[in-house]
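The values are calculated or read from the model by the stated rules, or taken from the named source; none is laboratory data. Keep in mind it's a predicted model, so treat the numbers as computed, not measured. Cβ: placed from backbone, ideal geometry, glycine included. Neighbour counts: every protein chain shown. SASA here: full protein model, heavy atoms, side chains in, ligands and nucleic acids out. Shrake-Rupley method; radii C 1.70, N 1.55, O 1.52, S 1.80 Å.
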Amino acid sequence: MRAYQLKGEGPKQLEAVELPEPVPGPGEVLVRMRAASLNYRDMLVADGHYGSGIPDTLIPLSDGAGEVVALGDGVSGLAIGDRVAGAFYPDWVSGPITAAARRRALGGSIDGVLAEYVVLPAHAAIPVPDHLSFEEAATLPCAALTAWNALAEVARLQPGETVVLQGSGGVSVMALQFARIMGARVIHTSGSAEKRVRLTALGADHVLDHAAEPDWDRAVLDLTDGTGADLVVEVGGPGTLEKSFRAVRIGGRIVSIGFVAGGSTIDPRAIISRCIRLTGITVGSCDMFRAMNRAIGQNGMRPVIGRIHTFDEAAEAYRRLRSGGHFGKVVITI
Ligand SMILES: NC(=O)c1ccc[n+]([C@@H]2O[C@H](COP(=O)([O-])OP(=O)(O)OC[C@H]3O[C@@H](n4cnc5c(N)ncnc54)[C@H](OP(=O)(O)O)[C@@H]3O)[C@@H](O)[C@H]2O)c1
């Protein structure tokens, strides 16, 4: 089968390779992958900046969708032809995250999905909503599930609450779409004029320029009668956290997800004085994935795709993500 591998210690080379077609064992399914999508994390893995535990030879990418083409012994609940996406953490089935559940992650500690065929445990091959194309379904496992976990599971966002979303990356745009479904008011930020127009078109109530208006936390206070937002979905990290502390209301919540804004230190005192509930999360469980898919199906929600590349253009897809110019997910057909 055709596949890609990242090779080398530290910064890695992306190589197109021919590998034997994998065979599903007991309790596993073989999936003919049809599309994959990229996340910020995939750049970190390729650059050797994702910490330890990454093999020197790795099939990259966590996010992909395809159809089941073979069943291992003892598999029930899935059939040949079912359209599925792989769970980011195949061993995190339900309940809270544990060290054991976190150990194996597609496209990180274990091989990912940028290959024609992938074997998955049957419980981690999650049926995708019927109305989505494979390209759309391939955007769900990491960015969408992280946004869903933040809003629905951890923050339990309520109708009428105000949420701040940062930048127009994959997680934040999915969070905007979920926040709309949940009936929340969205204050979004983006450093690009063109992307601000698109965020407004997707339903953001207010869109701020985090580049020209670095004190966007003040604008959030102005927009909330001086009170602050109920929730901030934090993808900026040390570069934005202290602003998020000031932008959230007393007793509000912040879900900490990423670190795209750089920076290295934070002063945590506002967490105490403003009684903020700050929760770090990592993607989500198989059960959360199924719940999210029910919501997506019920609401006919369609993930936003920025660009679809062919399989031969995989390196170009990485370059596109790295440029930061994308709005919506960068996808590769397989
Ligand atoms: N914890 C988890 O489970 C989890 C899961 C997924 C992702 N993440 C993390 O979440 C972050 C976002 O991931 P992603 O895949 O959504 O990234 P992405 O699609 O590559 O998006 C990056 C976006 O970040 C925005 N940005 C850059 N600097 C910013 C700043 N100073 N303030 C606000 N926004 C800024 C830019 O939006 P504009 O051009 O509109 O300004 C840019 O398009 C990454 O750090 C990633 O590692 C964590």
**Request:** Would you mind stating whether Ile276 is in the same structural domain as His210 (by TED's automatic domain parsing) and open to solvent by 30 Å² or more (accessible area, probe 1.4 Å)?
**Result:** no
**Item:** Test for Gly160: is it in contact with a Phe, Trp or Tyr (Cβ under 7 Å, 6 or more places away or on another chain) and among the small types (Gly, Ala, Ser)
**Value:** no
**Item:** Lone unmet requirement of (1) open to solvent by 10 Å² or more (accessible area, probe 1.4 Å); (2) touching a Ser or Thr at 6+ places or on another chain (Cβ under 9 Å) for Asp56
**Value:** (2)
**Message:** Considering only the stretch 242-251, I want to know if a residue exists there that is surrounded by fewer than 20 Cβ atoms within 10 Å (Cβ to Cβ), part of a helix (DSSP H, G or I) and away from the ligand (no atom under 11 Å from the Cβ).
**Reply:** yes
**Request:** Could you give me the residue pairs with C-beta distances under 6 Å whose first residue belongs to the stretch 41-63 and is part of a helix (DSSP H, G or I), whose second residue is open to solvent by 40 Å² or more (accessible area, probe 1.4 Å) wherever it lies, and which are 6+ apart or on separate chains?
**Result:** Met43/Arg322; Leu44/Tyr50; Asp47/Pro11
**Criterion (among the β-branched types (Val, Ile, Thr) and within 13 Å of the ligand (Cβ to nearest atom)) met by exactly one of Val197, Val163, Val186** = Val197
**Fill in**
Taking the stretch 289-334 and keeping residues away from the ligand (no atom under 11 Å from the Cβ), exposed (fewer than 15 other Cβ atoms within 10 Å of the Cβ) and outside any helix (DSSP H, G or I) leaves Gly300, Arg302, Thr310
